[in-house]
Amino acid sequence: MPDYAYINARIRSMEGDLLNEGQLREILSFRELSAAAGYLKKTTYGLYFSEWVEGPLIYTMDTTFRTSLSVSMKKILSFFKGDDSTLIDILLSRWDLFNIKTLVRGKLNNIPSDEALSATVPAGSLDEGMLREVYKQPSVQAM
């Protein structure tokens with residue numbers, strides 16, 4: 001039997017890593033995207049900023065938030081064992097469905113892979129690498 005009070009405390013402690021209302025207002029007040037990125041790099045999100053991501057800064061920021069969400073969901077899942085883990089997997093599978101639908105739409109509309117993958121949220125069982133492999137398939141039927 002899992003200790004739900006302990007799990008709840010762990011999740012609540014993770015809440016401290018989220019941006020609060022004041023921080024969001026401050027970020028929204030910046031006139032330059034680079035200033036917002038600089039601010040985010042000083043927060044917990046700085047761990048997920050990747051200098052190797054090519055393209056516009058907004059793409060890097062988007063990747064940062066997606067990676068952070070994915071890592072957080074995997075961390076929460078690790079708190080659970082057995083049947084409870086299965087229940088959390090079921091809840092997170094909504095993201096797998098969302099991602100598959102996103103990739104199918106992208107493939108049908110001939111969207112470049114980077115653009116289609118940036119619209120996914122790898123928070124379920126399909127991680128970034130798996131989603132990339134799915135999108136590499138030559139057709140929707142092969143996906």
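The values are calculated or read from the model by the stated rules, or taken from the named source; none is laboratory data. Fair warning: this is a prediction, and the values are worked out from it, not measured in the lab. All Cβ positions, even for glycine, are placed from backbone atoms using ideal geometry, and neighbour counts span all protein chains on display.
Data for the structure
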item: Meets criteria (outside the structural domain of Ala9 (by TED's automatic domain parsing), within 19 Å of the chain's Cα centre (by Cα) and not in a helix (DSSP H, G or I)) for Val121; result: yes
item: Hey, Val104 surrounded by 15 or more Cβ atoms within 10 Å (Cβ to Cβ) and at pLDDT 95 or above or not; result: yes
item: Unmet requirement for Ser50, which otherwise passes all of (1) of a type outside the set (D, E, K, R); (2) in a helix (DSSP H, G or I); (3) closer than 29 Å to Ser113 by Cβ; result: (2)
item: Criterion: modelled with pLDDT under 90 and either surrounded by fewer than 15 Cβ atoms within 10 Å (Cβ to Cβ) or within 22 Å of Pro122 (Cα to Cα) (or both) - qualifying residue of Glu54, Glu26, Glu32; result: Glu54
item: Among the residues listed as Leu126, Leu91, the single one being assigned to a helix (DSSP H, G or I) and not aromatic (Phe, Trp, Tyr); result: Leu91
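Residue by residue, here is whether (1) in contact (Cβ under 8 Å) with a residue 60 or more places away in the chain; (2) aliphatic (A, V, I, L, M); (3) farther than 19 Å from Ala119 by Cβ; (4) assigned by TED's automatic domain parsing to the domain that holds Gln141 holds:
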residue	(1), (2), (3), (4)
Pro56	no, no, no, no
Thr64	no, no, no, no
Lys75	yes, no, yes, no
Arg94	no, no, no, yes
Ile100	no, yes, no, yes
